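Q: This is the structure I have questions about; it appears just below.
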Amino acid sequence: MEIAVGVLGALTVLAVLAAWYSLRWVRMRRGGGVSVALRWRPDEARSSWHLGLGRYEGEKFVWFRVWSLRTGPDRVFERESMEIADRRDPSGTEAYAVPEGSIVLRCESAKQEAIEIAMGPGALTGFLSWLESAPPGRRLPRAS
């Protein structure tokens, strides 16, 4: 009897988590966005890529991690402080961890730690357009 209660409890927890994740995924996708892989602390050896959905919200680029139970975005980047420090193709096995045909951008910010963003050609064009369309007087991002 105790085993049945334990199994039933575990199944209930799994069902609640599956429902929560499904609702989060639907809400996240409904708002639109592009497939983006993100890596923070790229200089560290143990740094890894995380697949997610990026979305432009005015002056902010918000990123939702695919495998997360968080209700809001996992990372928020402000256009005003973002600069492109480097641009490269994925190397070695990281080509399997990022969206197909991706270009990797290293972005630096005075307000946040350095990150690397990997996105396909269409998403890259949109990202660069968004980044460069800042109001007059703002310093343009530097590109290598």
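Laboratory data are not the source of any read-out in this text; all were calculated from the coordinates shown. Since this is a predicted model, take the numbers as computed values, not measurements. Because the Cβ atoms are built from the backbone with ideal geometry, glycine has one as well, and the counts that use them run over all protein chains shown.
Q: Starting from the Cα of residue 133, step 7 Å along the direction of its Cβ; do the same at residue 70; then give the gap between the two resulting points in nm.
A: In this crude spin-label approximation the distance works out to 2.5 nm.
Q: Under 8 Å for C-alpha pairs, at least 6 residues apart: give me the relative contact order for the stretch 1-79, rounded to a whole percent.
A: The normalised contact order for the stretch 1-79 reaches 20 percent.
Q: List the residues, sorted by chain then number, that are 5 or more residues from residue 87 or on another chain and whose placed amide H is less than 5 Å from its amide H.
A: Long-range HN contacts for residue 87: 106, 144.
Q: What list of ³J(HN,Hα) values in whole Hz, one per residue of the stretch 53-69 in order, does the Karplus curve 6.51 cos²θ - 1.76 cosθ + 1.60 (θ = phi - 60°) give from phi, with Gly and Pro shown as x?
A: Calculated HN-Hα couplings, in order: 10, x, 9, 8, 10, x, 8, 10, 10, 9, 10, 10, 6, 4, 9, 8, 9 Hz.
Q: Please list 3J(HN,Hα) in residue order for the stretch 33-39, calculated via the Karplus relation 6.51 cos²θ - 1.76 cosθ + 1.60 where θ = phi - 60°; whole Hz, with x for glycine and proline.
A: Taking θ as phi minus 60°, the curve returns x, 10, 6, 9, 9, 10, 9 Hz for the stretch 33-39.
Q: If one takes the longest principal axis of the Cα atoms in the chain, at what angle in degrees, from 0 to 90 and to the nearest 10, does the Cα axis of helix 121-132 lie?
A: Approximately 60 degrees, to the nearest 10.
Q: Okay, moving on. Want the number for residue 22 to residue 110: 0.36 nm per residue separation, take away the alpha-carbon distance, what's left?
A: 28.1 nm
Q: Suppose we flag GluC sites (Glu not before Pro) only when DSSP calls them loop and at most 13 other Cβ atoms lie within 10 Å. Which is the longest uninterrupted stretch of the chain?
A: 1-43
Q: Each residue of the stretch 81-87 in turn: what ³J(HN,Hα) in whole Hz from Karplus with 6.51, -1.76, 1.60 and θ = phi - 60°, glycine and Pro shown as x?
A: In residue order, the calculated couplings are 9, 7, 9, 8, 9, 7, 9 Hz.
Q: Follow-up. Calculate, for residue 40 and residue 100, the FRET efficiency according to 1/(1 + (r/R0)^6) with r their C-beta to C-beta distance and R0 22 Å; round to the nearest 0.05.
A: Approximately 0.50, to the nearest 0.05.
Q: Rounding to the nearest 10 and keeping the result within 0 to 90°, find how far the Cα-based axis of helix 2-30 lies from the longest principal axis of the chain.
A: 30 degrees
Q: Counting other Cβ atoms within 10 Å of each Cβ, which chymotrypsin sites (Phe, Trp or Tyr not before Pro) in the stretch 63-139 have at most 15 and sit in a DSSP loop? Don't skip to the end; give the middle numbers.
A: Working: sites: 63, 64, 67, 77, 96, 127, 130; in loops: 67.
Passing both the DSSP loop test and the Cβ count: 67.
Q: Quote to one decimal, in nm, the extra length available between residue 51 and residue 81 on full extension: 0.36 nm per residue of separation minus the C-alpha distance between them.
A: Gain in length upon complete extension: 8.5 nm.
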